[in-house]
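What follows is a set of notes on a single structure, which appears directly below.
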Amino acid sequence: MRQVIKNIEDYVMKIMADYDSGHDWWHIERVRKMALYINEKDSLADPFILELAALLHDTVDSKFFTGDQKRGYEMVGGFLDKCRLSDIKDQLVGVIKNVSYSTKNPSGDLSDPVLLIVQDADKLDAMGAIGIARAFNFGGFRNNPIYIPAEEPDKLMPSTIRHFYDKLLKLEGMMNTKTGKRLARDRHRYLEAFLSQFFSEWEFGTTLK
Ligand code: ADP
Ligand code: NI
């Protein structure tokens, strides 16, 4: 089993090498650790399958997978066959397809605890201090502005601060597991505290005459 995990790690590292640094190997490592932690607390899923799913969860990301996504799923599927994991291939590919919160409508097998846990672990990594670091890193990568002021949050122009309102502040309400919900509370508060400090510094800097 260790060897299978090692083979999957190597495969994932190779694919992720081309992604941005908010989606690097360390994101995968954190999601794996978090997923296993949630499962230790909540005992919902098979830890081996969960670990593989966490490792593979971003291998066909639409923003970075330049090829046709269907091809991407087939490639991962083929690799899993080679690893003699055909019996859990559909489950794993199902997680990869449906893990992302950028997937518009909730889809996939929502009774699969592996999917629910990996979704939570992935969302938690977009919250708190690491989530903030990743957001500004992504914004920099895309050359997006940090912030463009507006009267109301829903009238904001595209910026990294706007991303907090579009997504990050909504994640707490989207958690699936008991432990995920508990951890999300702290990280959500940290996002709010950051925004409040950010706006007070912004006001200070822009109201001085
Ligand atoms: P995932 O692959 O985890 O489903 P994304 O690819 O949408 O989600 O996001 C990966 C990371 O990049 C997250 O930390 C997210 O907050 C950040 N991110 C995505 N879109 C933006 C954006 N427009 N501005 C700033 N950060 C973003
Ligand atoms: Ni991810």
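Odds and ends about this structure:
- Shape analysis of segment 163-209 yields a ratio of the Cα radius of gyration to the Kirkwood radius, Rg/Rh, of 1.18.
- Between 0 and 90 degrees, the angle of helix 2-16 with respect to the longest Cα principal axis of the chain falls at about 40 degrees.
- In the chain, the longest principal axis of the Cα atoms and the axis of helix 113-124 are about 30 degrees apart.
- Estimated at 0.36 nm per residue, the fully extended path between residue 40 and residue 69 surpasses their Cα-Cα distance by 7.2 nm.
- If you model segment 76-167 as an ellipsoid using its alpha carbon gyration tensor, with each semi-axis the square root of five times an eigenvalue, the axes come out at 34, 14, 11 Å, biggest first.
- Calculated P(r) tail over 15 Å for segment 120-209, as whole % of Cα pairs: 61
- Here the sum of -39500 (n - 2.57) over DSSP H runs of 4 or more residues, divided by the residues of the chain, equals -21000 deg cm²/dmol at 222 nm, to the nearest 500.
- Calculated FRET value between residue 84 and residue 199, using beta carbons and R₀ = 41 Å, to 0.05: 0.15
- Directionally averaged shadow of segment 1-158, computed from the convex hull of its alpha-carbon atoms, nm²: 10.4
- Against the chain, whose longest principal axis comes from its Cα atoms, helix 69-82 is set at around 40 degrees.
- Order by protection proxy (mean Cβ within 10 Å, highest first), peptides 123-132, 141-150, 162-171: 123-132, 162-171, 141-150
FYI, it's all coordinate maths here, none of it is from the lab. The model shown is predicted, which means the values in this text are computed figures rather than measured ones. When we count neighbours, we look across all protein chains shown, and the Cβ atoms used for this are built from the backbone with ideal geometry, even at glycine.
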